[in-house]
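Peer 1: Got a structure for you, written out below as structure tokens; questions coming shortly.
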Amino acid sequence: MLLAALLLVATPLAVPDAGRTHEVLLPDTPKRCEQCANWNRPHPPVHVFGNTWWVGVDGLSVVAVDTGAGVMLLDGALPQSVPLVRASLVSAGLKLSDVKLIGNSHTHFDHAGGIAALQLESDAKVVASARSSEALRSGCPTSDDPQAAFGCEVNGFPPVKGPIEIIRDGEVIKLGNVELRAHLTPGHTPGSTTWSWKSCEGSRCLNIVYADSLNPVAAEGFRFAPVSSAFIASIAKLGALPCDVLLTAHPDASDTLERLSSPDGGVPDPARAGQCAGYASRARAKLDARLASEARPAKPGPH
């Protein structure tokens, strides 16, 4: 937290000095939550495959793709994660100043919290679904987000003030030698987005999927039944994607870091069959359990 308070890039402030005006970058306020300190523990960057790196913090993913014409960055973790992401990029041989595009999985503080500062420092364009762009602009989940009732004070994040390009389902964004495809997977949030691309090493190319959360987590009073058809369709869509390597917004949702590391220091093959299908199957089981709980009659109160 102290490191974040000292180094995190955020809001510009004009400071006069001998007749000149300088732009000083002040840190965004670190987010406080029960899990934030554990999530934000530093973690060294992990080479996924080819031009793809995992550069997040211990409990939150940030993914960097070196396109040869700049870096694509997916997610921004917490506001206080930015200096750690910057350092991981450098350790991976990349620079935040080379980031040209920033995508987002979903607009909760633990994944969108660092995007405003990352964009401000890199001058990158943010790309997001229409619903996610609404939240990114306001710095708060949309009113129909399952977690909206927690309120902006709990679930808000620094708003994005720079350019945001709205992407559609299936749209491909080309940068350098990479084609990044957006898959809208609403459910966890209305604007949830999963991303896919190919990374190559020599003649071997793998389909990489950065999957958004599919967890039916909500504030008290929210019911998933009215949006269950869309949620189920999102789960099926993600499960059917070409998927050699699965990365998830929370690395522990798919054992990302364990799969990409080896106890003996070797480099494991990141490709495994059935990763996205298994992730989707687990998500469907959770949603079915949630829908079943919503369908049960409420227990009568005391008389």
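Just so it is clear, none of the values below were taken in a lab; they were calculated from the coordinates. These numbers were taken from a predicted model, which means no experiment stands behind them. Positions of Cβ are backbone-derived with ideal geometry, glycine not excepted, and every protein chain shown enters the neighbour counts.
Peer 1: Could you give the distance between the Cα centres of region 112-173 and region 175-199, to the whole Å?
Peer 2: Their Cα centres are 14 Å away from one another.
Peer 1: Step through the residues of region 140-146 one at a time and calculate ³J(HN,Hα) from phi using the Karplus curve (6.51 cos²θ - 1.76 cosθ + 1.60, θ = phi - 60°), rounding each to whole Hz and writing x for Gly and Pro.
Peer 2: Karplus-based 3J(HN,Hα) across region 140-146 equals 7, x, 5, 5, 9, 5, x Hz.
Peer 1: Turning to a different aspect of this structure: Under 8 Å for C-alpha pairs, at least 6 residues apart: give me the relative contact order for region 41-294, rounded to a whole percent.
Peer 2: For region 41-294, the relative contact order is 16 percent.
Peer 1: Would any residue of region 257-287 have its amide N under 14 Å from a label point 7 Å out along Cα→Cβ of C200? List them or say none.
Peer 2: Residues passing the 14 Å test: none.
Peer 1: May I ask you to compute the full-extension gain from V154 to D169, defined as 0.36 nm times their residue separation minus their alpha-carbon distance, rounded to one decimal in nm?
Peer 2: Gain on stretching V154 to D169: 2.5 nm.
Peer 1: Where in the chain are the helices, taken as whole DSSP H runs, whose Cα atoms extend 24 angstrom or more along the long axis and whose Kyte-Doolittle mean reaches at least -0.5?
Peer 2: 275-295
Peer 1: Tell me which of L184, G151, T248 sits at the most positive position along the dipole axis of region 41-294, charges placed on C-beta atoms (Lys, Arg +1; Asp, Glu -1).
Peer 2: L184
Peer 1: Give me, ordered by chain and number, the residues 5 or more places off E179 or on other chains with an amide H under 5 Å from its own placed amide H.
Peer 2: K198
Peer 1: Also, quick follow-up: Summing Lys, Arg as +1 and Asp, Glu as -1, what charge do residues with Cβ under 14 Å from the Cβ of A148 carry, A148 excluded?
Peer 2: -3
Peer 1: For the chain, what is the number of Lys pairs with C-alpha distance below 24 angstrom, counting only pairs 8 or more positions apart or on separate chains?
Peer 2: 19
Peer 1: Among A233, V267, L175, whose Cα sits farthest toward the positive end of the charge dipole of the chain (+1 at Cβ of Lys/Arg, -1 at Cβ of Asp/Glu, about the Cα centre)?
Peer 2: Positive-end residue among those listed: A233.
Peer 1: Same structure, new question: Does the chain come out rounded, prolate or oblate by the C-alpha gyration tensor, with a ≥ b ≥ c the root eigenvalues, rounded set by a/c under 1.5 and, if not, prolate when a/b is larger than b/c and oblate if not?
Peer 2: oblate
Peer 1: Separate question: Could you tell me which residue out of L214, A92, G202 lies farthest along the dipole of the chain toward its positive end? Charges go on the beta carbon: Lys and Arg +1, Asp and Glu -1, centred on the Cα centre.
Peer 2: Positive-end residue among those listed: L214.
Peer 1: If you place +1 on the Cβ of every Lys and Arg, -1 on the Cβ of every Asp and Glu, and leave all else neutral, what size is the dipole of the chain about its Cα centre, to the nearest 20 Debye?
Peer 2: 480 debye
Peer 1: Exposed loop GluC sites (Glu not before Pro) only (DSSP loop, at most 11 other Cβ atoms within 10 Å): please give the longest stretch of the chain free of them, not including the sites.
Peer 2: 35-219
Peer 1: What's the ranking of 66-79, 244-257 by average number of surrounding C-beta atoms within 10 Å, highest first?
Peer 2: 66-79, 244-257
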